[in-house]
Amino acid sequence: MPDYRRLYVPGGTYFFTVNLANRQSTLLTDEIEKLRIAYRAVSKTWPFETIAICILPDHLHCIWSLPEGDANFSTRWRLIKLNFSKSVAKSDDPAQGRRPGERGIWQRRYWEQLVRDERDLETCINYVYGNPVKHGLVAEIPDWPYSSWHRDHKA
């Protein structure tokens, strides 16, 4: 097994993919308000800027810019996952094979990529916003309601 190490850059900008354990679930969009509450609560105590975000039924993509001198995205994700997990019904929790006390809603890990420059950022933003189209959930980007695309493209 490879020895995976995360790249922590204080004040960095990161692209994330975070998945539910059950990839056929629709929990994230079914419980979108609970996810929003968990996300906002963490962002108040552990600030970060959300450059782009898109919530799909079973996973989410987002781009964060961390405060200068701060590289601790791991704690932020742990708290978002924890707060959301606590807010949803236990019947939505496929906890088989988990450690004692651990909820089974999320995959244990997540994927992150350090955004290295403006071109990389543009590519990541396009990926985030285009993901519902890629997955066949909508025909056009503006048709997906769970995306910061609407914030960024107000008429």
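What to note about this one:
- For the residues ILE63, ILE55, ILE51, the requirement of being open to solvent by 30 Å² or more (accessible area, probe 1.4 Å), hydrophobic (A, V, I, L, M, F, W, C) and in contact (Cβ under 8 Å) with a residue 60 or more places away in the chain singles out ILE51.
- Within the range 26-40, restricting attention to residues that are acidic (Asp, Glu) and either in contact with a Ser or Thr (Cβ under 6 Å, 6 or more places away or on another chain) or in contact (Cβ under 8 Å) with a residue 12 or more places away in the chain (or both), the residue that is surrounded by the fewest Cβ atoms within 10 Å (Cβ to Cβ) is ASP30.
- The lone exception for GLU102 - which of (1) surrounded by fewer than 16 Cβ atoms within 10 Å (Cβ to Cβ); (2) modelled with pLDDT of 95 or more; (3) among the acidic types (Asp, Glu) it fails: (2)
- ASN19 passes every criterion in (1) loosely packed, with under 15 Cβ neighbours inside 10 Å; (2) touching a His at 6+ places or on another chain (Cβ under 6 Å) apart from (1).
- One residue stands out among those in the range 101-130 that are among the charged types (D, E, K, R) and in contact with a helix residue (DSSP H, G or I) (Cβ under 8 Å, 6 or more places away or on another chain): the one that is farthest from ASP152 (Cα to Cα), which is ARG103.
The values are calculated or read from the model by the stated rules, or taken from the named source; none is laboratory data. Model, not experiment: these values are computed from the prediction. With ideal geometry, Cβ positions are generated from the backbone for all residues, glycine too; neighbour counts draw on all protein chains shown. Protein only, heavy atoms only, side chains kept; ligands, DNA and RNA dropped before computing areas. Shrake-Rupley method; radii C 1.70, N 1.55, O 1.52, S 1.80 Å.
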